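Read through the structure below, which is laid out as structure tokens, and then see the notes.
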There are 2 protein chains.
Amino acid sequence: MAIDKKVVVFVGGVGGAKLALGLQHVLLPQNLTVVVNIADDFFHYGLRICPDIDTVLYTLSGRVDTSNGWGVANDSTIMLETLRGLGADAWFRLGDKDLATHLLRLNWLTQGKTLTQIVQHLAQAMSIGVTVLPMSNQFVETKVQTKEHGELDFQEYFVRYRWQPTVTGLRYENAEIATPTPEVTHAIAEADILLFAPSNPWLSIAPILAVNGMRQLILAKDTPKVAISPIVDGKAIKGPAAKLAHELGYEASPTHVAQFYGKIINGFVYDTQDSGAMFDQHRHIALDTMMHTDADKARLATQTLEWIASWS
Amino acid sequence: MAIDKKVVVFVGGVGGAKLALGLQHVLLPQNLTVVVNIADDFFHYGLRICPDIDTVLYTLSGRVDTSNGWGVANDSTIMLETLRGLGADAWFRLGDKDLATHLLRLNWLTQGKTLTQIVQHLAQAMSIGVTVLPMSNQFVETKVQTKEHGELDFQEYFVRYRWQPTVTGLRYENAEIATPTPEVTHAIAEADILLFAPSNPWLSIAPILAVNGMRQLILAKDTPKVAISPIVDGKAIKGPAAKLAHELGYEASPTHVAQFYGKIINGFVYDTQDSGAMFDQHRHIALDTMMHTDADKARLATQTLEWIASWS
């Protein structure tokens, strides 16, 4: 059963990609636009690596390594081992199949294509029917201030140091000069529903909202705008969200996540495990937000959209 | 037995790398400099590919796929197959192990290092003791004029069309503005002997000689300067040398190769299979120039250097 609403979903990496996959199951392809964080992007060995974009593309095309939630299934690391054999400090995993994506991107970047065009080409090459858009064509970089190592590039913090350093602050470099692309602006304008995936609020959603003009575009929308909590029972489903919340002096709770979104949203989905939680500001519902199987993903997408449909 | 002479050898790809390996066996590492053609270099998927440099590095480090004479032994093509699966026209072989070299080079290029520095780093990473130098730090590109396809980039002619088109002319783009590096200039100045490997005169040696000032550096040397014929019994040992000679209106013979070098050399080595050939201009010797085994390579290197030693 396809729900006939135009939906824009804002996502980071693994958790966001799972919800996007669920939405892809229940919406017509022309009705779904996935707007992806690019503030995790970085250059590695001269390649532009877009971890969140690639996780979304691999997930939506069925290529993803489901044991990690990122990377290509059954990938090998022959290049990477060779690089290490040549003395390189190759701390970021570049699988051999994954490399094909990076080389296509490099090729198109050197031809002067925008990141939006490149993601379109990649999505087409992977036979993805829904629209995947980077939040901006400009480079935005999350910088992580840590107690132990000073300011780190995001991937250093996340991959090299496995998010173990204590975070004292975050900033999104270039966000103030980056703008939403025309395609993102158009998709938001046309959307019947805006969704915020259960991605890390500070590391995945905040950089998207920090893009100059993005917050205003969303605030101006008079439609359902719903976030799904990535914090369940005081813990992050995956990754550093809960640890980060504590370090930044916040409570790791769906209540705090709802406060993070504030006026950006008018509806909030949290997990049934937190059914005692209190929300003043937003319409809210407790759903089973765990997305282990593809059926879970489609169910959460469906239940969220059906709840929104019940508003009117 | 190491011969105590400083030797500079000018090489292209496979044939030149074999002689360089032979010389590496018989000379002290500090006495051998290999100056390599880079006019075959090109950009592919945003990577700078240096086919001759890499063939030399892989050969001297024992990494080479000896069945081809180029590429890394036991390499796989997982990235390449994935690239093709994504609809790319990936006509140039990029092996997974080989890719590590291309990524290191890309990384260092984006950091602003010169090609000379990059080749030094790669040689060091591969534990190569002799000095390998690109002919120039500037880009020179062999362009091949063909009857069937007009002007082609070298690798299109060589790899994509497998040197089957009829060649009507050659030019070396940028050669007139490229200069020999300080390292090449110094190595030539210091050398006791200059050797020209049995590489393709028109495709490998001519672009080196076309670099602005290179010919003068060599002409100014008053030392033994010896070329080894890549044409044996009217045929090229490998590749298009004989076919190309015919198409350009030359005789495919060691006599014509010696004429090609002219005043650049003062000694010429040809194969015993051509022992009837006539040479007016140069001191000459017939040797077994076939380099099937590593022992063959060392033998040809030794016999050539011993012949040169006998001049004085």
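Taking B:G129 in one copy and the same position in all the others, each labelled 7 Å out along Cα→Cβ, what are the pairwise distances from the first, in nm, shortest first?
6.5
Please get the size of the charge dipole for chain B, origin at its Cα centre, with Cβ charges of +1 on Lys and Arg and -1 on Asp and Glu, quoted in debye to the nearest 20.
Values: 25 positive and 32 negative charges, 45 e Å.
Computed about the Cα centre, the dipole is about 220 debye.
Label position 7 Å from Cα toward Cβ: report the copy-to-copy distances for B:L217 in nm, one decimal, ordered from shortest.
Here the equivalent label points are 5.4 nm apart from this one.
Name the residues of the range A:86-119 whose accessible area, probed at 1.4 Å, falls by at least 50 Å² once all protein chains are in place instead of their chain on its own?
Checking the loss per residue gives A:L86, A:A100, A:L103, A:L104.
Ignoring everything but the protein chains, give the 1.4 Å probe accessible area of A:F260 in square angstrom, nearest 10.
50 Å²
Please return the longest stretch of chain A lacking exposed loop sites, where GluC sites (Glu not before Pro) count only if DSSP places them in a loop and at most 11 other Cβ atoms lie within 10 Å. Working shown, then result.
Values: sites that count: A:E148, A:E176.
Within chain A, the longest run free of exposed GluC sites (Glu not before Pro) spans A:1-147.
Using Cα pairs under 8 angstrom and six or more residues apart, how large is the relative contact order of chain B, in percent?
20 percent
What does the accessible area per residue of chain B come to in Å², with a 1.4 Å probe and no ligands, DNA or RNA counted?
Values: 12100 Å² over 312 residues.
Per residue, chain B has an accessible area of 39 Å².
Express as a percent, rounded to the nearest 5, the fraction of DSSP beta bridges in the range A:120-242 (both residues included) that run antiparallel.
Details: 13 of 16 bridges.
Bridges in the range A:120-242 are about 80 percent antiparallel.
If each label sits 7 angstrom from Cα along the C-beta direction, how far apart, in nm, is B:Q145 from its counterparts in the other copies?
6.5
In Å², nearest 100, what accessible area do chains B and A bury in total when the solvent probe is 1.4 Å? Intermediate values should be presented prior to the final figure.
Details: alone 13130 and 13080 Å², together 24160 Å².
Between B and A, the summed buried area is about 2100 Å².
Do any residues of the range B:45-65 lose at least 30 Å² of accessible area when the full set of protein chains is present rather than just their chain alone, and if so which, with a 1.4 Å probe?
B:Y45, B:G46
Helix A:14-26 versus the longest principal axis of chain A: what is the Cα-based angle in degrees, 0 to 90, to the nearest 10?
60 degrees
For chain B, what number of Lys pairs, 8 or more residues apart or on separate chains, have alpha-carbon atoms under 20 Å from each other?
Summing the qualifying lysine pairs gives 20.
Please report the residue of chain B with the smallest beta-carbon distance to the B-to-A rotation axis, and give that distance in Å, no decimals.
Smallest Cβ distance to the axis, with its residue: B:D96, 2.
Roughly how many Å is it from the Cα centre of the range B:185-261 to that of the range B:32-48, as a whole number?
Their Cα centres are 18 Å away from one another.
Relative contact order for the range A:1-119 using alpha-carbon pairs under 8 Å, separation at least 6, rounded to a whole percent?
Values: 150 pairs, mean separation 22.7, N = 119.
For the range A:1-119, the relative contact order is 19 percent.
Provide, in order from the shortest bin, the percent of all Cα-Cα pairs of the protein assembly as shown in each 20 Å bin, continuing until the bin that contains the maximum pair distance.
Binned Cα distances yield the sequence 18, 40, 24, 15, 3, 0.
Taking only Cα atoms, what is the 0 to 90° angle, nearest 10, from helix A:51-60's long axis to the longest principal axis of chain A?
70 degrees
As an exercise, identify the trypsin sites (Lys or Arg not before Pro) in the range B:98-165 lying in DSSP coil whose Cβ has no more than 14 other Cβ atoms within 10 Å.
When the trypsin sites (Lys or Arg not before Pro) of the range B:98-165 are filtered for loop state and at most 14 Cβ neighbours within 10 Å, B:K147, B:R162 remain.
Taking every DSSP beta bridge with both residues inside chain A, roughly what % is antiparallel (nearest 5)? Show your work: numbers first, answer last.
Working: 17 of 42 bridges.
The antiparallel fraction comes to roughly 40 percent.
Place +1 on the Cβ of every Lys and Arg and -1 on the Cβ of every Asp and Glu in the range B:184-312, take the dipole about the Cα centre, and give the residue among B:P207, B:Q273, B:A286 whose Cα lies farthest towards its positive end.
Positive-end residue among those listed: B:P207.
With a 1.4 Å probe and every protein chain kept in, tell me what percent of the accessible surface of the range A:194-312 is carbon plus sulfur. Can you show the working numbers first?
Numbers: 2420 of 4810 Å².
That fraction is 50 percent.
Defining a contact as two alpha carbons under 8 Å apart and six or more residues distant in sequence, what relative contact order in percent does the range A:197-256 show?
On the way: 48 pairs, mean separation 19.2, N = 60.
Reported as a whole number, the value is 32 percent.
Based solely on its DSSP helices, what 222 nm [θ] is calculated for chain B when runs of n ≥ 4 H residues each add -39,500 (n - 2.57) and the sum is averaged over all residues, nearest 500 deg cm²/dmol?
After summing the helix terms and dividing by residue count, I get -10000 deg cm²/dmol.
State the Cα centre-to-centre distance between the range B:99-171 and the range A:168-182 in whole Å.
39 Å
The values are calculated or read from the model by the stated rules, or taken from the named source; none is laboratory data. Only a predicted model underlies this, so the values are computations on that prediction, with no experimental measurement involved. So basically every Cβ, Gly included, is an ideal-geometry build from the backbone, and we count neighbours across all protein chains shown. Accessible surface is based on the protein model in full, side chains and every heavy atom, while ligands, DNA and RNA are left aside. Shrake-Rupley method; radii C 1.70, N 1.55, O 1.52, S 1.80 Å.
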